[in-house]
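Notes for the one structure printed next.
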Amino acid sequence: MPKAKGNGGKNRRRGKGDGERDKRELEFKEEGQEYARVVKMLGNGRCDLFCFDGVSRLGHIRGKMRKKVWITAGDIVLVGLRDFQDEKADIIHKYSADEARNLKQYGELPESARINETAVDMAMADDDGAHDDIGIDFDDI
C-alpha cells in the first residue's frame, strides 16, 4: 500500500475549534441601528427578529457573515435598519453571551432581554407547568 503524503483531510484545514477567541471591543449601536433577538431561523440567510424598540422584523444575514458566523434562535444581534423598508433589517454583528451580558449591564439592552435562550427555552418558560396536570390524583388510589 502506498504511503500517505498528505497532512490530513478537510477537517484539518478547517482548524481547531478551541472556542478561545480574541477579546474584541464591544460594538454599541449607532444611528440607524438597533439591538434585536433572533426569534426563529427561516432559512436562506433570513430570520425572524424581535428588535428591542418593540418591532418584529425580517432579518437578513449579510454576505460577510454567511457560513462564517453561525446565528441561531435566541442570539442577540446588532441590526442595521433600512430607510426604505421598516419591516426588514440587515444583521451586522452577533454578540456572544458575555458581550450581551455586558450590554445589559451598561443599560443598552432592556432588563427584560433574555440572553442565550432558544425557542424551546422560551416556550417552556411561557408554559410554567400549568398544563402538566392530566387529572390523576394519586391520593385517591
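The values are calculated or read from the model by the stated rules, or taken from the named source; none is laboratory data. Every value quoted in this text rests on a predicted model; they were computed, and no experiment measured them. Note that we place each Cβ from the backbone using ideal geometry, even for glycine, and neighbour counts take in every protein chain shown. We work out accessible area using only protein heavy atoms, side chains counted, and drop any ligands, DNA or RNA first. Shrake-Rupley method; radii C 1.70, N 1.55, O 1.52, S 1.80 Å.
Whole-Hz Karplus values for the range 69-83 come out as 10, 8, 10, 10, 5, x, 6, 9, 10, 9, 10, x, 7, 8, 5 Hz, taken residue by residue from phi with 6.51 cos²θ - 1.76 cosθ + 1.60 and θ = phi - 60°; glycine and proline positions read x.
Take the Cα of Glu111, step 7 Å toward its Cβ, do the same at Gln85, and the gap between the two points is 3.7 nm. With both labels modelled 7 Å from their Cα along Cα-to-Cβ, the Leu26 to Lys67 distance reads 3.4 nm.
List the pairs from Lys68/Lys88; Lys23/Lys67; Lys23/Lys64; Lys29/Lys68 whose alpha-carbon separation is above 31 Å, in the order I gave them. The answer is none of them. The listed residues Val77, Val69 rank as Val69, Val77 when sorted by accessible area, largest first, using a 1.4 Å probe.
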